[in-house]
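Comments concern the structure below.
Every number here is computed from the coordinates shown, using simple stated rules; none is lab data. Just so we're clear, the structure is a prediction, and the values are computed from it rather than from any experiment. FYI the Cβ positions are ideal-geometry reconstructions off the backbone, even for glycines, and counts take in every protein chain you see.
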């Protein structure tokens, strides 16, 4: 079954933008690949009327018109360096953000030249976890996408230095949460 249907608003993932005439468009048609749904082919109409064929793994839903809540930082702490018994040191930074009834727990880990972002989306005053899609956005362009597991956990195993936005999409309520994060050397 196709992930998108005609009329759906979509965005291209950042690494595919240079292949197409725009980053945002509307699905016009779908050609299903019955054995490999990730290769479903979509005809997309981009701004200005140009069209292109895009594969499912190159697209995410455009949630820019969903009600948006800005997350605010509650705590931000840098811990480290922690000596690793095998090689080098590991630095960590923990950030807790809140948006409405959700908490967003983020841990940035730096080991040498590598940085990873681990996180968890939690709903306040309940024992259930948020069903969410999380996007890492740089300069208004989604560059990585993760889906929270049953515990609300997600991971971006490799992140770059700089100013990023985490976009958390809560499909059940059609709500998005935006969280600004500065990823620096610590």
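How much length would be gained if the chain were fully extended between residue 17 and residue 114, taking 0.36 nm per residue of separation minus their Cα-Cα distance, in nm to one decimal? The partial results should precede the final answer.
Numbers: separation 97, 0.36 × 97 = 34.92 nm, distance 2.50 nm.
Answer, rounded to one decimal: 32.4 nm.
At what distance in angstrom do the alpha carbon centres of segment 1-46 and segment 145-186 lie from each other?
The distance from the Cα centre of segment 1-46 to that of segment 145-186 comes to 22 Å.
Treating segment 9-61 as a set of equal point scatterers at the Cα positions, no solvent, please give the Debye-formula log₁₀ I(q)/I(0) at q = 0.13, 0.30 Å⁻¹.
The computed values of log10 I(q)/I(0) come out as -0.26, -1.25.
With a Förster radius of 30 Å, plug the Cβ-Cβ distance of residue 125 and residue 182 into 1/(1 + (r/R0)^6) and report the FRET value to the nearest 0.05. Before the final figure, lay out the partial values.
Details: r = 30 Å, r/R0 = 0.99.
Efficiency computed from Cβ-Cβ geometry: 0.50.
Based on the Cβ-Cβ distance from residue 68 to residue 41, what FRET efficiency comes out when R0 is 22 Å, to the nearest 0.05? Intermediate results must be reported in sequence, preceding the final value.
Numbers: r = 31 Å, r/R0 = 1.40.
Plugging the Cβ-Cβ distance into 1/(1 + (r/R0)^6) gives 0.10.
Calculated from the structure, volume of the Cα convex hull per residue in Å³ equals which of (1) 342; (2) 186; (3) 149?
Step by step, volume of the Cα convex hull per residue in Å³ for this structure corresponds to label (3).
Give, in nm to one decimal, the length gained when the segment between residue 75 and residue 28 is fully stretched (0.36 nm per residue of separation minus the Cα-Cα distance).
Details: separation 47, 0.36 × 47 = 16.92 nm, distance 4.47 nm.
So the extension gain works out to 12.5 nm.
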